[in-house]
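Computed from the coordinates by the stated procedures, all read-outs in this text should not be read as laboratory data. All figures in this text were calculated on a predicted structure; none of them were measured in a lab. A quick note on method: Cβ atoms are made from the backbone with ideal geometry, for glycine too, and the neighbour counts reach across all protein chains shown.
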Amino acid sequence: MSSRTFFSFALLLPIVAALAGLLSSALRVLVVPLIFGGVPYILFAIALLFQIRRAPTKSRLVRLSIAAPPFFVPFVVAFVLIAGGGAPRMFPLTDIATQMIPFAVYTLIFGYLYVAIAWGLWALARRIGVVHDDRVT
């Protein structure tokens, strides 16, 4: 398997973790990101998949994974605002911005947690020969 294929499959990590959270009470905290970020994550993962498929090098794949959590924040914020039923009409913009800060922080924390797990699995897969370093495709 190539690094590109590995990172494509790694996009499923948050969904698999959330499903594991449904099966185990010890992992229930992993379900929360799916509740708030499931719909926007699917849209974001599709967009990111196209970028992964076009990445010419492993270093570009690594840069994409580092940049992914901050780029996901607007997807979550937009979804929360849309799902909130037109909050901009009901509340001042400063109140909405203040309310979005916890969503942004939460998204970054879980995003980088998943990136760290993906990198760890990638390193393990490379070490045992499942992912080949000599090519990206």
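Odds and ends about this structure:
- Extension gain, R54 back to V130 (0.36 nm per residue minus Cα-Cα distance, nm): 25.2 nm
- Packing-based ranking, highest mean first, of 5-17, 101-113 given that Cβ atoms within 10 Å are counted: 5-17, 101-113
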